[in-house]
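The values are calculated or read from the model by the stated rules, or taken from the named source; none is laboratory data. This one's a predicted model, so the numbers in the text were calculated from it and none came from an experiment. Neighbour counts are summed over all protein chains in view; Cβ atoms, including those assigned to glycine, are modelled from backbone coordinates with ideal geometry.
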Amino acid sequence: MTFCFKRCGLFVVFALVVSIQALAIDYDAYDEDVAALLWEYENGPDQARSIRPSVLVFNDVADSDTVVDFESGLVIVTATDLQLLQESIVEILLTQIDPSVIDAKTASDFGLVNQNTRKPFFWKQILDHRGKPIEHPWTAELFADHLAQSAERFKGRYRSKISMVREHKNIAGGKYIQYVKAAGRQHNVSASLMMAIMETESSFNPLARSGSNALGLMQIKANTAGRDYFSIIKGYKHTPSSSYLYNPSNNIEVAAGYLRILGTRYLSGIKHPKKREYAIISSYNGGAGNLWRSLDKNGNKTKSLARINNMTVSEFYWFLTNRHIRGETRNYLKKVSAKQKKYLNL
């Protein structure tokens, strides 16, 4: 049994192809968190900075749109009238956007299509005004009516903000732990490392897509990490499709395989396991070549390995977070290492 809403035909428009309505937004009129997300939504696709992988845009037609930020746990729904606003709220509350369940680009019914859980995607991540999880159409409609009564009005449109619960990332990440553990055992990669990378990369948005076309939970690039996985792990040349990489289990499997490739092939020769892990994290973000160039101006692997193996663990961590040639990679290692601590007991 599935539920069909009043407006079928809803589709996901990914960050690179979002059609943004040209609205003059007075950002000072909104709370800081809402203003930040609205700015990125309105300016990201056509500016130097693109929408982050943690941001997912649902767009029906010009009369309504919904933006979800998995990082901050914020949902913003906008529509030209209150009825459309309520319908859009109901749709996002009851949607099942897991691409392993449906084809998000073509599905006309975003209801409870998950035959295993029978729960919406945001089950327990969003609670209604009574503090209850939202499972059925009538509870979603009741909450939508409550939100519509306090909707903000600006430039002829109505806008509602829905905040996820504080522990929304823990709930979201829990959906993928079984895949992470299985892939980790297969490729000898720790579950804590994979979960930390996943949270850092996508904030558990299964439909994440970066400006460089990295896809899914672990932000896999099809023509690099994806191609390496099939060539080295599977033994044949193949570049995975977008639909393949948007599937959470596939995405996590490919990522685990690629982490294995980094550790056993591209970064082979690093003797200490913790230093090797730091190198893997940095290279997952910035590539092994940039690691060698950070250690030796000519990128000589032999000289770089000698330097690494002569450093202590703390010295190598300091080097990577202070002297790596890519600022993004310096910060990336800090983020992943910090997040990894909360997953150590998996």
inquiry  = For region 312-346: of the residues being assigned to a loop (DSSP other than H, G, I, E, B) and surrounded by fewer than 16 Cβ atoms within 10 Å (Cβ to Cβ), which is modelled with the lowest pLDDT?
reply    = LEU346
message = Please go through region 121-136 and give me each residue that is more than 23 Å from the chain's Cα centre (by Cα), at pLDDT 90 or above and buried (at least 16 other Cβ atoms within 10 Å of the Cβ), ordered by number.
response = ASP128
query = Here are some conditions: (1) surrounded by fewer than 16 Cβ atoms within 10 Å (Cβ to Cβ); (2) over 18 Å from SER190 (Cα atoms). LYS301 meets all but one. Which one does it not meet?
reply = (1)
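Identify all residues within region 237-262 that are assigned to a helix (DSSP H, G or I), touching a residue at least 60 places away in the same chain (Cβ under 8 Å) and not acidic (Asp, Glu); write none if there are none. Write out each step before concluding.
Here is the first cut: in region 237-262, the ones assigned to a helix (DSSP H, G or I) are 242-246, 248-262.
Filter once more, so that each one left must be touching a residue at least 60 places away in the same chain (Cβ under 8 Å): 243, 246, 248-249, 252-253, 255-257, 259-260.
Those that are assigned to a helix (DSSP H, G or I), touching a residue at least 60 places away in the same chain (Cβ under 8 Å) and not acidic (Asp, Glu): SER243, TYR246, PRO248, SER249, ILE252, ALA255, ALA256, GLY257, LEU259, ARG260.
Being under 27 Å from LYS334 (Cβ atoms) and either in contact with a Phe, Trp or Tyr (Cβ under 6 Å, 6 or more places away or on another chain) or not hydrophobic (A, V, I, L, M, F, W, C) (or both) narrows it down to one residue among SER202, SER160; which is it? Before the answer, list the steps.
On the way: SER160 fails: under 27 Å from LYS334 (Cβ atoms).
Of SER202, SER160, the one residue that is under 27 Å from LYS334 (Cβ atoms) and either in contact with a Phe, Trp or Tyr (Cβ under 6 Å, 6 or more places away or on another chain) or not hydrophobic (A, V, I, L, M, F, W, C) (or both) is SER202.
How many of the residues making up region 150-206 are among the acidic types (Asp, Glu) and in a loop (DSSP other than H, G, I, E, B)?
Step one: of region 150-206, the residues among the acidic types (Asp, Glu) are 152, 167, 199, 201.
Those left that are additionally in a loop (DSSP other than H, G, I, E, B): 167.
Final tally of qualifying residues: 1.
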query = Taking region 207-224, which residues are part of a loop (DSSP other than H, G, I, E, B) and of a type in the set (A, V, I, L, M, F, W, C)?
reply = LEU207, ALA208, ALA214, LEU217, MET218
remark   = If you go through ILE220, ILE197, ILE177, the only one that is in contact (Cβ under 8 Å) with a residue 12 or more places away in the chain, over 26 Å from LEU85 (Cα atoms), touching a helix residue (DSSP H, G or I) at 6+ places or on another chain (Cβ under 8 Å) and surrounded by fewer than 21 Cβ atoms within 10 Å (Cβ to Cβ) is ILE177
